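Worksheet: the structure to be examined is printed underneath.
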Amino acid sequence: MSIDFLEILLVDDDVSLHDIISNTIDGLKIFNKEVKILHAHNADEAKELIKTNSDISIAFIDVAMETPDAGLKLVNYIRHTLHNENMRIIIIDSEDSPIPADDILEHYDINDYKDRVCIESQRLFNTVRIAIKQYQQFKDIQDSKAQMYEKMTTNKVTGLPNRMKLSQNIGTVGKKSLILLNIDDFSVINNHNGFEFGDKVLNAFADFLVKNYSKDAQVFHLEADIFAMLYLQEDISSVEEKVIKIKDDIYNHLFVIDSISIHLTATLGIVLNDHGNIIQKAEFAFKEARLNGKNSVQKYSDKLNILRTIHANSLWTGRIRSALEKKNILAYFQPILNIKTGKIEKYETLVRIEYKGEIYSPYHFLDAARYSGQLFEIFKLMFDAACKNVSTSNYDFTVNVSDYDLKHPKFCKVVEDILKRYKIDTKRITFEILENNSISKHAEIQKVLNKLHDLGCKLAIDDFGAECSNFGQLKNLKIDFIKIDGVFIKNIVEDKNSQIVAQTILDFAHKKGIPVIAEYVCSQEVYDYVKKMGVDYAQGYLISEPKASL
């Protein structure tokens with residue numbers, strides 16, 4: 001806090017020196033501030049004055065007072081106990097000091113060493129003026145560092161401590177519990193109401209957390225719509241109970257921003273009574289909670305599915321790279337039977353990886369390929385294999401394509417180049433659309449698919465009825481085939497729900513004039529059932545498992 005005077009502490013057991021210094025500089029103005037002398041006659045009095053006066057600029061300290069080294073002990077107290085680096089300390093020489101001046105200058109954190117002649121003379125004013133200037137410069141540097149630190153550790157939107165501050169607080173000794181809170185659908189709020197309104201929502205949410213929970217926990221705003229609450233030395237069961245209450249409190253609270261009333265929900269990831277990188281652990285728990293849906297809670301454990309996925313992705317990323325280099329990415333082919341004619345008309349091109357003599361299906365590595373950015377390289381190899389077989393056989397071929405591939409900037413050029421290389425009839429190639437994310441809202445992807453159709457290639461929707469594949473995809477796309485997801489086929493003989501879903505898809509597709517393929521036809525009973533339904537094509541292990549050659 002800024003004051004209108006400069007405090008100078010004099011610590012000396014010689015009363016006459018106090019009178020001399022008071023007469024010399026007390027009440028003078030230096031740098032437009034009045035000088036105020038604080039008098040102490042021993043170390044204990046000095047300590048009391050320092051406790052009640054936090055902005056002492058200079059301390060003149062006699063070496064020997066109640067003991068021969070009392071002044072030097074006071075220096076250590078100021079520097080090492082109070083950790084006060086700002087105060088300028090000037091030692092006054094004493095004939096009673098057993099320690100030579102050179103040793104004091106070398107071993108004690110002081111700023112100057114003066115003899116009594118200097119202190120008692122007119123030169124004292126210059127000494128004080130220089131010391132105060134040094135003090136002010138040092139203090140300005142410290143204040144600048146403090147301001148920079150405050151800026152670095154504070155979220156600029158809400159003013160709460162940020163991720164950096166959380167990392168520092170977690171770094172202290174002892175186990176802690178951490179809650180990560182992510183506001184659900186916050187991007188929708190930003191898109192519909194604007195970023196300014198979004199910032200007000202963040203501030204309202206921050207105020208809600210601080211008002212209700214800051215007595216027990218430290219509240220942080222990490223970034224965007226992610227907040228955190230840190231509990232120190234808290235009973236685990238107590239924190240678990242609080243987590244459920246926090247989630248419910250958020251759900252039930254009505255936030256009013258600019259006269260607009262909104263309800264919010266949050267997804268929570270928690271780490272209980274743990275140490276180490278608990279931020280990362282809480283993030284893993286949060287990502288797992290996301291898989292369970294919005295407004296959910298997940299506690300961290302070493303058995304989280306997401307950890308197994310991360311481990312598998314890490315393992316397979318290297319294996320895929322090696323397989324690409326060593327040409328161990330293999331194309332397998334599974335026949336598709338025309339049920340009406342009883343003949344094989346086409347084959348689906350399926351990727352396999354050979355690793356240490358074993359053949360692995362996409363189940364093991366497809367997510368890793370997508371995660372590591374190697375999926376498009378696999379597509380190119382499979383598409384090339386499909387086109388090569390079209391050029392050397394009488395069969396048609398299908399190849400799987402994902403939304404990741406379709407968004408690749410070189411996708412269309414690669415397709416056109418390979419088609420030209422083999423000089424094939426493009427109608428004999430079908431792209432089976434695999435959807436990790438719905439393509440119905442991606443106008444650019446739809447343009448790419450329509451361009452493939454314009455080239456003469458056919459389009460099929462794979463795994464229809466599951467995940468993102470649904471009737472909405474048929475509105476803007478020129479679809480030539482629909483594959484009913486295998487989950488509705490493999491148990492169709494016994495499962496009524498599967499029968500209803502499959503029949504609905506079949507009726508709808510046939511009304512649109514689109515042939516239907518049933519995959520996972522694994523037994524004669526299943527084949528007979530889908531044939532009776534009127535399905536057009538069958539694919540599965542009953543007909544043939546995928547093979548390396550036709």
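For this structure, a couple of remarks:
- Considering residues of region 1-37 that are free of Cβ contacts under 8 Å to residues at least 12 places away in the same chain and of a type outside the set (S, T, N, Q) only, the residue most open to solvent (accessible area, probe 1.4 Å): 29
- Residue 271, sole failed condition from (1) among the β-branched types (Val, Ile, Thr); (2) within 30 Å of residue 302 (Cα to Cα); (3) at pLDDT 95 or above: (3)
- Just one of the numbered conditions (1) surrounded by 13 or more Cβ atoms within 10 Å (Cβ to Cβ); (2) under 13 Å from residue 482 (Cα atoms); (3) not charged (D, E, K, R) is not true of residue 530: (2).
- Residue that is open to solvent by 80 Å² or more (accessible area, probe 1.4 Å), touching a residue at least 60 places away in the same chain (Cβ under 8 Å) and either not in a strand (DSSP E or B) or not aliphatic (A, V, I, L, M) (or both), where the choices are 294, 327: 294
- In region 441-466, the residues that are in contact (Cβ under 8 Å) with a residue 24 or more places away in the chain reach residues that are open to solvent by 60 Å² or more (accessible area, probe 1.4 Å) and part of a loop (DSSP other than H, G, I, E, B) with C-beta atoms within less than 6 angstrom, at least six apart or across chains, in these pairs: 446/476; 453/478.
- Being open to solvent by less than 90 Å² (accessible area, probe 1.4 Å) and part of a helix (DSSP H, G or I) holds for only one residue in 147, 142, and it is 142.
- For region 517-526, a residue qualifies if it is under 16 Å from residue 342 (Cβ atoms) and open to solvent by 30 Å² or more (accessible area, probe 1.4 Å), and exactly one does: 524.
- Only a single criterion out of (1) in contact with a strand residue (DSSP E or B) (Cβ under 6 Å, 6 or more places away or on another chain); (2) open to solvent by 40 Å² or more (accessible area, probe 1.4 Å) is not satisfied by residue 82, namely (1).
- Restricting region 164-180 to residues that are under 18 Å from the mean Cα position of the chain (by Cα) and farther than 13 Å from residue 218 by Cβ, the residue that is surrounded by the fewest Cβ atoms within 10 Å (Cβ to Cβ) is 164.
- Within region 210-244, considering residues that are hydrophobic (A, V, I, L, M, F, W, C) and more than 19 Å from residue 164 (Cα to Cα), the one most open to solvent (accessible area, probe 1.4 Å): 244
- For region 51-79, the set of residues classified as acidic (Asp, Glu), in contact with a helix residue (DSSP H, G or I) (Cβ under 8 Å, 6 or more places away or on another chain) and open to solvent by 20 Å² or more (accessible area, probe 1.4 Å) consists of 66 only.
- Test: residue in region 342-363 that is more than 20 Å from residue 326 (Cβ to Cβ), in contact with a Leu (Cβ under 8 Å, 6 or more places away or on another chain) and part of a helix (DSSP H, G or I): no
- Within region 89-103, residues that are open to solvent by 50 Å² or more (accessible area, probe 1.4 Å) sit with their Cβ atoms under 8 Å from residues that are at pLDDT 70 or above and of a type in the set (Val, Ile, Thr), at 6+ positions apart or across chains, in these pairs: 93/63; 96/63.
- Failed item, numbered, when residue 189 is tested on (1) free of Cβ contacts under 8 Å to residues at least 60 places away in the same chain; (2) over 22 Å from residue 10 (Cα atoms); (3) part of a helix (DSSP H, G or I); (4) open to solvent by 20 Å² or more (accessible area, probe 1.4 Å): (1)
- Test: residue 322 is over 23 Å from the mean Cα position of the chain (by Cα), of a type in the set (S, T, N, Q) and either at pLDDT 85 or above or loosely packed, with under 12 Cβ neighbours inside 10 Å (or both): yes
The values are calculated or read from the model by the stated rules, or taken from the named source; none is laboratory data. As the structure is a prediction and not an experimental result, all values here were calculated from the model. A quick note on method: Cβ atoms are made from the backbone with ideal geometry, for glycine too, and the neighbour counts reach across all protein chains shown. Accessible surface areas use protein heavy atoms only, side chains included; no ligands, DNA or RNA. Shrake-Rupley method; radii C 1.70, N 1.55, O 1.52, S 1.80 Å.
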